[in-house]
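Since the structure comes first, as structure tokens, the remarks are kept for the end.
The values are calculated or read from the model by the stated rules, or taken from the named source; none is laboratory data. Source: prediction; values computed, not measured. Every residue, glycine as well, gets a Cβ built from its backbone with ideal geometry; the counts of neighbours run over all protein chains shown.
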């Protein structure tokens with residue numbers, strides 16, 4: 001699988017570490033979050049069959065993080081913006 | 001080597017779905033079929049359908065590396081896997097089908113001082129749980145499995161190993177077919193090409209499933225869909241702490257008997273056994289990314305073959321004939337989720353991740369108990385979904401570094 005690093009271009013996925021789902025927001029009011037809300041934040045992540053927004057870091061290259069959208073069935077990738085929001 | 005079991009023409013009926021069942025199990029893999037069998041056998045619940053989106057036993061039970069063992073570190077894991085292993089020991093007789101269960105021993109190699117300590121600790125923990133476990137020095141490893149390279153001149157020399165002699169392998173397809181045949185004989189409907197597309201709820205209670213072959217009413221619904229568990233659960237708004245990853249495996253061409261046991265190495269990361277037919281069967285870790293594609297990246301295969309060739313120089317000229325992947329459902333603590341859900345009469349069995357095959361009979365046995373009684377058996381009570389909010393995780397990943 002080729003991963004399009006926004007800075008280095010297409011590289012094999014062995015050069016990258018996977019960061020899982022993108023756009024995971026920290027609880028807005030942590031003091032108010034109960035155990036169930038914390039469990040959701042800590043342990044539950046999107047696991048869609050289809051398009052998934054996710055984070056990657058180019059560990060063997062520029063070492064920068066970025067986001068992209070990848071289809072979890074076909075592995076087809078839509079590149080994200082450089083420095084895209086986590 | 002044993003002769004393959006002679007097959008009758010048909011092992012099960014191929015019934016049309018009825019409009020209603022007492023229990024609908026979603027997923028006719030190893031665990032789903034075992035659950036159907038034990039519901040009928042242990043609990044007399046026979047008005048049961050096992051629905052399968054594709055063909056029977058065509059998912060992970062057809063794709064795993066068939067390793068069976070119970071040498072887990074934590075009490076909760078050791079108890080459920082040992083229960084399963086004890087069921088394996090009588091399974092050919094119980095199901096009247098030679099599933100080629102072979103207790104040839106599972107050898108876990110260690111390659112560092114940290115590994116040595118963890119390995120000895122696990123041996124002691126296993127013994128305290130009444131599970132057979134032995135510590136072997138590098139010389140004893142060599143004596144038990146002569147083709148392992150125990151030379152000190154390799155990158156990660158073998159420093160010893162743990163051995164569970166009661167561990168081994170079985171013929172995965174026969175296991176699934178044997179459960180299917182017996183469940184079918186007792187009246188359980190095994191319905192293939194029947195995909196669940198939604199659930200019917202009455203308030204907070206599930207009352208049926210919708211399928212591509214029409215709605216089916218159900219007193220209870222039991223999810224058993226491994227890598228597709230989150231897809232199903234999301235249809236009732238249930239968020240599971242599960243991520244789906246490819247787990248790759250491969251086989252060599254058929255070879256003369258050369259490897260007498262199962263060998264696993266977490267440090268250089270490969271596990272290998274020789275199937276009854278003669279092919280070397282190997283696996284390693286999951287691919288890092290989420291996927292439902294039933295395929296993985298070639299470098300994962302390359303790394304496990306490099307590990308295999310370092311451990312077994314004799315394998316260097318064997319050819320890889322076929323590689324494939326299954327989609328495994330991984331929980332944050334690498335332990336299964338097996339029990340009730342917030343939706344009344346909806347049950348969940350998932351999260352077996354990379355190690356589900358060995359659990360097949362035990363998982364089916366406790367899941368059937370949970371479904372029949374509406375509450376978990378003592379063996380699966382610790383594996384409830386609530387553990388992620390109570391914090392009572394069963395952290396096999398971190399504690400034992402156990403590959404599956």
Quiz prompt | Filter result for the condition that a residue is touching a strand residue (DSSP E or B) at 6+ places or on another chain (Cβ under 6 Å), in contact (Cβ under 8 Å) with a residue 24 or more places away in the chain and either closer than 30 Å to residue B:11 by Cα or assigned to a loop (DSSP other than H, G, I, E, B) (or both), over B:130, B:187, B:198 | solution = B:198
Quiz item: In the set B:378, B:403, which member is assigned to a loop (DSSP other than H, G, I, E, B) and at pLDDT 95 or above?
Solution: B:378
Quiz item: For segment B:288-322, which residues satisfy the criterion of being in contact with a helix residue (DSSP H, G or I) (Cβ under 6 Å, 6 or more places away or on another chain) and surrounded by 18 or more Cβ atoms within 10 Å (Cβ to Cβ)?
Solution: B:297, B:308, B:315
Quiz item: What is the number of the single condition among (1) surrounded by fewer than 16 Cβ atoms within 10 Å (Cβ to Cβ); (2) not in a strand (DSSP E or B) that residue A:10 does not meet?
Solution: (2)
Quiz prompt | Complete set of residues in segment A:14-37 that are within 26 Å of residue B:286 (Cβ to Cβ), facing chain B (nearest Cβ under 8 Å) and part of a helix (DSSP H, G or I) | solution = A:14
Practice problem: Among the candidates B:247, B:240, B:223, B:254, single out the residue that is in contact with a helix residue (DSSP H, G or I) (Cβ under 9 Å, 6 or more places away or on another chain), more than 23 Å from residue A:39 (Cβ to Cβ) and either without any contact (Cβ under 8 Å) to a residue 40 or more places away in the chain or crowded, with 21+ Cβ neighbours inside 10 Å (or both). | Solution: B:247
Quiz prompt | Per-region count, segment B:34-81, residues assigned to a strand (DSSP E or B) and out of contact with any helix residue (DSSP H, G or I) (no Cβ under 8 Å at 6 or more places or on another chain) | solution = 2
Quiz prompt | Filter result (at pLDDT below 95, assigned to a loop (DSSP other than H, G, I, E, B) and loosely packed, with under 13 Cβ neighbours inside 10 Å) within segment A:58-85 | solution = A:81, A:82, A:83, A:85
Quiz item: Looking only at residues in segment B:272-287 that are within 15 Å of residue B:309 (Cα to Cα) and modelled with pLDDT under 95, which one is surrounded by the fewest Cβ atoms within 10 Å (Cβ to Cβ)?
Solution: B:284
Quiz item: Yes or no: residue A:45 facing another protein chain (nearest Cβ under 8 Å) and assigned to a loop (DSSP other than H, G, I, E, B)?
Solution: yes
